Amino acid sequence: MARKKENAVVLSQEKIAEDIYSMWIKTDAAGEAKPGQFISMYTNDGSKLLPRPISICEIDKAGGSLRVVYRVTGKNTGTEQFSQMKAGDIIPVIGPLGNGFPYERAEGKRAFLMGGGIGVPPILELAKQMNCEKKQIIMGYRNEETFLKDEFEQNGEVYISTEDGSAGTKGNVMDAIQENGLAADVIYACGPTPMLRAIKEYAEANHIECYISLEERMACGIGACLACVCQTKEKDHHSNVNNKRICKDGPVFLSTEVEI
Amino acid sequence: MDMRVNIAGVEWKNPVTVASGTFGSGAEFADFVDLNRLGAVTTKGVANVPWSGNPTPRVAETYGGMMNAVGLQNPGIDVFCERDIPFLRQYDTKIIVNVCGKSEADYCEVVERLADEDVDMLEINISCPNVKEGGIAFGQDTKAAETITKAVRKYAAQPVIMKLSPNVTSIAEMAKAVEAGGADAVSLINTITGMKIDIHRKSFLLANRTGGVSGPAIHPIAVRMVYEAANAVKVPVIGMGGIASAEDAIEMILAGASAVSVGTANFYNPTVTMEIMDGIEAYMKEQGFETVSDMVGIVR
């Protein structure tokens, strides 16, 4: 016992692309945070009670702060309320939550770090902390608004795909791998389910160790409500059925252990 | 001042427990809540065999609350007895095991199995709106509710709490029916069946189409039903439904609840039960109540 919902403080807020915002917050969660983990963010609006699980984009342990980069999902949404917050505002959070990426598995290997859409942000802290022989960062965007690209470039070789072909390879991250003739021994990925499904298939066909970060609607974020389950190949020890909890057992899973 | 309450012969150290399904088996909240402080821990519903639950999405946010159709995913009674009961027994709190089933035989099997286990009370879930068979089928008909209560009572070694659904015409009649069947206590309300549609995707938000609405938005409905049930039966009523603060809990007690369960609020404020216990105590001090039972049902 000791954990609780915490009143974090907004340090800065910036719009970095259409509907995409970057926020730094001062929070105790920074102390233990790892790449690939997330925080539950809460609105200050009593009509919107559930947490918004948002992945951690950057960790500043010394400064006790975290960066989240998130998408505003529509009008009158909780994420829209987050986007209107200013430095000094209070934002309730719980975190860090989830397991995070096992980045030590990449040591001495050629790695793919792959992000798509709002799955791009958690890859930044991963890229910063990972030590590997070849760090190939492959990011998929909708259009030329390639947010965080400059920051990725300081941390590895960057390859871009865009749906409309306005930057990098036209198509998706798998097209970028093919066009650039890239290869890897280990893969880390976060993004929409169709993208993760394609990466999982590619990894399994080529016998590559692959870690994917999943998302699902959550009510608690701490493993109690059983809302955010994913299907597993083997029976899970906690649920005693073929379900794992994305918030607690994930969000990062070995691709071979889950069915998506 | 005395926070203790006696529910069907079982003494709780205070009137606060948690609503089944919102607190796992307790272990999930051990980082947030001192489980020793709770009057009782009510566990996630357990069946005779493991249940996989419903497809996702299983939850959606609603105005001032949420909707769920988890579908009673549970590891089955064997794992529950091996793992969850010993875990909870480390703490100085009462254990209420919530039991779910698809048929009378399912319920009885679990209840019989628990007769030899070190647990304090049983709560029989005849009110889950999210499973097709069983559950709610027993909870919307007075005869069926009385029959299932009688059946489980035969096998039960611990006091039996029947958990009632709000999705009925008369909660008073349902409470009377289970009392007639031998229930030692009743708990209410379970969630209210609802539906939410995504207008952009033009589809249901929950994979199950319908789900149970819970949270602060349903609290006044729960207070009204607790009031009606408490005035209809002699057995104790455990009140729940949208309790998110000490004030909400006190309201429920004044309406007739002998104890309260905190549910959905645990999800978005994991330490809320401790705030509620402190708040009830402060209210009793301020208002000069010596015991919790002095407050029960005094608003008439």
Next item on the list: Return yes when residue B:228 is at negative phi, among the acidic types (Asp, Glu), touching a helix residue (DSSP H, G or I) at 6+ places or on another chain (Cβ under 9 Å) and more than 14 Å from chain A (Cβ to nearest Cβ) and no when it is not.
Entry: yes
Note to self: Looking only at the range B:188-205, filter to residues that are touching a Gly at 6+ places or on another chain (Cβ under 8 Å) and part of a strand (DSSP E or B); which one of those is surrounded by the fewest Cβ atoms within 10 Å (Cβ to Cβ)?
What the structure shows: B:195
Next item on the list: Would you please name the residue that is farthest from the other protein chains (Cβ to nearest Cβ), looking only at residues in the range B:8-24 that are assigned to a strand (DSSP E or B) and touching a Ser or Thr at 6+ places or on another chain (Cβ under 9 Å)?
Entry: B:12
Notebook entry, point to check: Are any residues in the range A:36-90 charged (D, E, K, R) and farther than 18 Å from residue B:66 by Cβ, and if so, which ones?
Noted result: A:58, A:60, A:61, A:67, A:71, A:75, A:80, A:86, A:89
Item checked: Answer residue from the range B:215-256, given it is in contact (Cβ under 8 Å) with a residue 60 or more places away in the chain and of a type in the set (Gly, Ala, Ser) and is surrounded by the fewest Cβ atoms within 10 Å (Cβ to Cβ) among those -> B:232
Notebook entry, point to check: Any residue at all in the range B:72-95 that is buried (at least 22 other Cβ atoms within 10 Å of the Cβ), in contact (Cβ under 8 Å) with a residue 60 or more places away in the chain and under 21 Å from residue A:228 (Cα atoms)?
Noted result: yes
Check: Among (1) more than 14 Å from chain B (Cβ to nearest Cβ); (2) under 27 Å from residue B:53 (Cβ atoms), where does residue A:177 come up short?
Finding: (2)
Margin query: I'd like the full set of residues that are in a loop (DSSP other than H, G, I, E, B) and either surrounded by 21 or more Cβ atoms within 10 Å (Cβ to Cβ) or more than 9 Å from chain A (Cβ to nearest Cβ) (or both), limited to the range B:25-42.
Written below: B:25, B:26, B:32, B:33, B:38, B:39
Notebook entry, point to check: From the list A:27, A:73, which residue is hydroxyl-bearing (Ser, Thr, Tyr) and more than 14 Å from chain B (Cβ to nearest Cβ)?
Noted result: A:27
Margin query: Here's a check for you: in the range A:168-197, which residue that is free of Cβ contacts under 8 Å to residues at least 40 places away in the same chain and buried (at least 20 other Cβ atoms within 10 Å of the Cβ) is nearest to the chain's Cα centre (by Cα)?
Written below: A:176
Margin query: If I go through the range B:43-78 residue by residue, how many of them are facing chain A (nearest Cβ under 7 Å) and in a loop (DSSP other than H, G, I, E, B)?
Written below: 12
Notebook entry, point to check: Is there any pair linking a residue in the range A:201-219 that is within 14 Å of chain B (Cβ to nearest Cβ) to one that is part of a helix (DSSP H, G or I) and surrounded by 19 or more Cβ atoms within 10 Å (Cβ to Cβ), with Cβ under 6 Å and at least six apart or on different chains, and which?
Noted result: A:219/B:267
Notebook entry, point to check: Is it true that some residue in the range A:238-255 is modelled with pLDDT of 95 or more, more than 14 Å from chain B (Cβ to nearest Cβ) and part of a helix (DSSP H, G or I)?
Noted result: yes
Check: Can you tell me which residues in the range A:65-76 are under 19 Å from residue A:119 (Cα atoms) and crowded, with 16+ Cβ neighbours inside 10 Å?
Finding: A:66, A:67, A:68, A:69, A:70, A:71, A:72
Notebook entry, point to check: Of the residues B:152, B:99, which is crowded, with 18+ Cβ neighbours inside 10 Å, closer than 18 Å to residue B:79 by Cβ and in contact (Cβ under 8 Å) with a residue 24 or more places away in the chain?
Noted result: B:99
Check: Within the range A:36-59, which residues are within 14 Å of chain B (Cβ to nearest Cβ) and in contact with a Ser or Thr (Cβ under 7 Å, 6 or more places away or on another chain)?
Finding: A:51, A:52, A:53
Checklist line | Index of the failed condition, residue B:106 passing every other in (1) of a type in the set (Asp, Glu); (2) at pLDDT 95 or above; (3) in a helix (DSSP H, G or I) | finding: (2)
Notebook entry, point to check: Name the helices (runs of 4 or more DSSP H) wholly within the range B:215-284 that hold at least 2 residues that are of a type in the set (S, T, N, Q), at pLDDT 95 or above and under 15 Å from the mean Cα position of the chain (by Cα)?
Noted result: none
Item checked: Selected residue (only one of A:33, A:62, A:87 is free of Cβ contacts under 8 Å to residues at least 12 places away in the same chain, more than 14 Å from chain B (Cβ to nearest Cβ) and either crowded, with 20+ Cβ neighbours inside 10 Å or farther than 20 Å from residue A:147 by Cα (or both)) -> A:62
Next item on the list: Answer yes if at least one residue in the range A:91-98 is part of a strand (DSSP E or B), within 28 Å of residue A:144 (Cα to Cα) and within 14 Å of chain B (Cβ to nearest Cβ), and no otherwise.
Entry: no
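The values are calculated or read from the model by the stated rules, or taken from the named source; none is laboratory data. As the structure is a computational prediction, the values presented were derived from the model and not from experiment. In this analysis, Cβ positions are derived from the backbone assuming ideal geometry, glycine residues included, and neighbour counts consider all displayed protein chains.
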